[in-house]
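The values are calculated or read from the model by the stated rules, or taken from the named source; none is laboratory data. Owing to the predicted nature of the structure, the values given are computational and were not obtained by experimental measurement. Ideal geometry is used to build each Cβ from the backbone, glycine not excepted, and the neighbour counts take in all protein chains shown. The area values use the complete protein model at the heavy-atom level, side chains included, leaving out ligands, DNA and RNA. Shrake-Rupley method; radii C 1.70, N 1.55, O 1.52, S 1.80 Å.
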Amino acid sequence: MRNAFLIARRELEAYFISPIAYVVTAAMLVVLGYFFSVILFVTRQASLRPLFGGSALIVLLFVLPLLTMRLLAEEQRSGTIELLVTAPVRDGEIVLGKYLASLAFYLLMLMPTLYYPVVLEVFGRPDWGPILTTYLGIILLGGSLLGVGTLASSLTSNQIVAAVLGVGMALLLWLIPSLAGFVSGPLADVLQYLGLSSHIADFAKGIIDTRHVVYHLSIIAASLFLATRILEIRRWR
């Protein structure tokens, strides 16, 4: 784990010198801020449910793969991945370290949004329970998307291709439940369960369902496991 944290620290420092990270952060905050203002003005509800329980979350599907696109793809393009895989560091530690860096930066990106509940507290009487569970939900959703993005970054040496793959995989996971309407029986239930969109709305309602938590943790674990296997294959080429 020590090696993973050292890699995470190096990657986190790299984020702060990357203009892409600042552009991505600014874009996300502008879009979410716009939706927050419009929804608050229209609904006049002291709640984050209309914002983080709805379509505004789709912005994360497009923004977060931009954070992960360079993690492993850039190492492959520059050739430094060969140094990493031949160093006394396990492949799992490399993948985990890079993932943790993206997760830490994502948490920093969310910090400015904490002024949303402050605004709600000033102008209304928000229920803090759903607000806290909402943030737990978007952290888990972001963690899942970052895991998928890390997997996409392991598949190619081109950052743009990694970003496109990450967005495509995220959209596929988000839209899978829409296919459930074309089938019936257990297959419909499976498609409904596999979708990211099926495991976020309850958090905005103040509900912490362990099925949703397990689902997101499973997506993260499966993505990092597959990315690790891809690095191992590269080591033995």
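Descriptive notes on the structure:
- Counted charge near Tyr15, where neighbours are those whose Cβ lies closer than 13 Å (Asp, Glu -1; Lys, Arg +1): +1
- The mean sequence separation of alpha-carbon pairs under 8 Å and at least six residues apart, normalised by the residue count of the stretch 119-237, gives a relative contact order of 36 percent.
- The Cβ shell under 13 Å around Leu71 holds other residues with a net charge of +1, Lys and Arg each +1, Asp and Glu each -1.
- Accessible surface calculations at 1.4 Å, restricted to protein heavy atoms, place the stretch 83-237 at 48 Å² per residue.
- Taking the Cα centre of the stretch 25-148 as origin and assigning +1 to Lys and Arg Cβ atoms and -1 to Asp and Glu Cβ atoms, the resulting dipole is close to 340 debye.
- With the charge dipole of the chain set up from +1 on Lys and Arg Cβ and -1 on Asp and Glu Cβ about the Cα centre, the Cα lying farthest toward the positive end among the listed residues Thr80, Gly97, Leu145 is that of Thr80.
- Lys/Arg +1, Asp/Glu -1 at C-beta; the chain dipole; positive extreme among Leu64, Val38, Ile233: Ile233
- Relative packing of peptides 184-194, 203-213, 69-79 - highest average C-beta neighbours within 10 Å first: 69-79, 203-213, 184-194
- With DNA, RNA and ligands ignored, accessible area of Ser154 (1.4 Å probe; Å², nearest 10): 0
- Rounded tilt (10° steps) of 128-154 against the dominant C-alpha axis of the chain: 30
- One equal scatterer on each Cα of the stretch 1-135, no solvent, Debye formula: the resulting log10 I(q)/I(0) at q = 0.09, 0.10, 0.16, 0.23 Å⁻¹ is -0.36, -0.43, -0.85, -1.33.
- Size of charge dipole - the chain - debye, nearest 20, with Cβ of Lys, Arg +1 and Asp, Glu -1, no other charges: 180
- Charge dipole (the chain, unit charges on Cβ, about Cα centre) - positive-most of Ala221, Leu114, Ile131: Ala221
- Applying 0.36 nm per residue to the separation of Val161 and Val118 and subtracting their alpha-carbon distance, the gain on full extension is 11.6 nm.
- With Cα atoms, 0 to 90° folded angle of helix 91-110 axis to the chain main axis: 30
- A P(r) calculated from all alpha carbon pairs of the stretch 103-237, with 10 Å bins opening at zero, reads 11, 32, 32, 18, 5, 1, 0 percent.
- Our compactness index for the chain, the C-alpha radius of gyration over the empirical 2.2 N^0.38 Å, is 1.06.
- The angle between the Cα long axis of helix 58-68 and the longest principal axis of the Cα atoms of the chain comes to about 20 degrees, rounded to the nearest 10.
- Only protein atoms count toward the accessible area here, which uses a 1.4 Å probe; on the chain, the carbon and sulfur part of that area reaches 71 percent.
- Against the compact-protein benchmark of 2.2 N^0.38 Å, the Cα-based radius of gyration of the stretch 28-81 scales to 1.68.
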